[in-house]
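*Asks:* Sharing a structure with you now.
The values are calculated or read from the model by the stated rules, or taken from the named source; none is laboratory data. Computed from a prediction, not measured in an experiment: that's the story for all the values here. Backbone-built Cβ (ideal geometry, glycine too); neighbour counts: all protein chains shown.
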Amino acid sequence: MVTTRLDPIDRKILSELQADGRMTNVELAKRVGISAPPCLRRVRALEEAGLIGGYHAEVNGRELGFEVQVFAMVGLESQAESELSAFEEKCRSWPLVRECHMLNGEVDFILKWVPRISAPFRAF
């Protein structure tokens, strides 16, 4: 539940940073229509509130040899909280798993994993 009230400037700051997290504070301030000092204060407040969780580089996986993305649907024998948590923890230990999402219904999880293809790909 969001307890932080966002005004239009805060929303614009979030939008601009999502588009380009590397821009300077001066550039961000110019884009949202305020001066640099209050812009920096707002960004820090958004970070402290947990609305900005970090800044990341978008890596080109294809250039690194990760040309295939695989989505696997996983059903567990039990949906007990301990089993679901254990599976989530296990996913964290698999280096190829990039995302793990819990679902409702017959499928319990969908995993996105990205293998490195060093040999010609062969279908099953």
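*Asks:* Could you list all residues from region 63-83 that are charged (D, E, K, R) and either assigned to a strand (DSSP E or B) or closer than 16 Å to Gly105 by Cβ (or both)? Before the answer, list the steps.
*Replies:* Initially, region 63-83 is screened for residues charged (D, E, K, R), giving 63, 67, 77, 81, 83.
Listed by number, the list holds a single entry, Glu77.
*Asks:* Still on this model: What pairs can you find where one residue is in region 94-109 and over 17 Å from Gly61 (Cα atoms) and assigned by TED's automatic domain parsing to the domain that holds Phe66, the other is assigned to a loop (DSSP other than H, G, I, E, B) and of a type in the set (D, E, K, R), and their Cβ atoms are less than 8 Å apart, with a gap of 6+ or different chains?
*Replies:* Met102/Asp108
*Asks:* Among the residues of region 1-50, write down those that are surrounded by 12 or more Cβ atoms within 10 Å (Cβ to Cβ) and among the acidic types (Asp, Glu).
*Replies:* Those that are surrounded by 12 or more Cβ atoms within 10 Å (Cβ to Cβ) and among the acidic types (Asp, Glu): Asp10, Glu16, Glu27, Glu47.
*Asks:* Which of the following residues is in the same structural domain as Lys90 (by TED's automatic domain parsing), closer than 30 Å to Val97 by Cβ, surrounded by 12 or more Cβ atoms within 10 Å (Cβ to Cβ) and acidic (Asp, Glu): Glu77, Glu67? Can you show your working first?
*Replies:* Values: Glu77 fails: surrounded by 12 or more Cβ atoms within 10 Å (Cβ to Cβ).
Checking each option against the conditions leaves just Glu67.
*Asks:* Looking at Ala86, is it surrounded by 11 or more Cβ atoms within 10 Å (Cβ to Cβ), among the hydrophobic types (A, V, I, L, M, F, W, C) and at pLDDT 95 or above?
*Replies:* Values: surrounded by 11 or more Cβ atoms within 10 Å (Cβ to Cβ): yes; among the hydrophobic types (A, V, I, L, M, F, W, C): yes; at pLDDT 95 or above: no.
It is false that Ala86 is surrounded by 11 or more Cβ atoms within 10 Å (Cβ to Cβ), among the hydrophobic types (A, V, I, L, M, F, W, C) and at pLDDT 95 or above.
*Asks:* OK, next. For Tyr55, only one of the following conditions fails: (1) in a loop (DSSP other than H, G, I, E, B); (2) under 17 Å from the mean Cα position of the chain (by Cα); (3) surrounded by 11 or more Cβ atoms within 10 Å (Cβ to Cβ). What is its number?
*Replies:* (3) is the only condition that Tyr55 fails.
*Asks:* Among the numbered conditions (1) free of Cβ contacts under 8 Å to residues at least 12 places away in the same chain; (2) within 30 Å of Ile117 (Cα to Cα); (3) among the polar types (S, T, N, Q), tell me where Gln69 comes up short.
*Replies:* Condition (1) is where Gln69 drops out.
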